[in-house]
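Q: Right, I'll just put the structure down here and ask away after.
The numbers here are math on the coordinates, done by the rules we state, and not lab data. These numbers come from a predicted model, not from an experiment. In this analysis, Cβ positions are derived from the backbone assuming ideal geometry, glycine residues included, and neighbour counts consider all displayed protein chains.
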Amino acid sequence: MPPDRCLWELARVTRPNGRLALFHSVGRAALAARHNNVPRANDIQGEQAVHALLDRLGWRAHLVDDAVGRYLVIATIASWCSDEQRRRQSHSPGVTSDNSAIWSLL
């Protein structure tokens, strides 16, 4: 399942003020190095991309920590995304992210 669809579904079923934590035991640079790569500027896990994706899907990111020893995102469901709004939303949020970089943490 594409990352945006997963995050949208989590937003749909999360209670108001609910929290989301995405974690991986290594940061993007370390993970890319394991595959003889470097993180790309347009990587879906990049800080700007994460904020944009989460905002679009009803989450508000409070922390994006891309350290050598971990990758951690903490977010809460946005206050504008009420239960009723989530029930009415379509189940097809539209894929606009780079799906070649599927999150290893979902």
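Q: I want the local charge near ALA30. Using Cβ-Cβ distances under 11 Å, sum +1 for each Lys or Arg and -1 for each Asp or Glu among the other residues.
A: Values: positive: ARG28, ARG34, ARG70; negative: ASP66.
Surrounding charge for ALA30 is +2.
Q: Can you tell me the Rg and Dmax of segment 1-62, counting just the alpha carbons, in angstroms?
A: Radius of gyration, then largest Cα-Cα span, for segment 1-62: 13.2, 41 Å.
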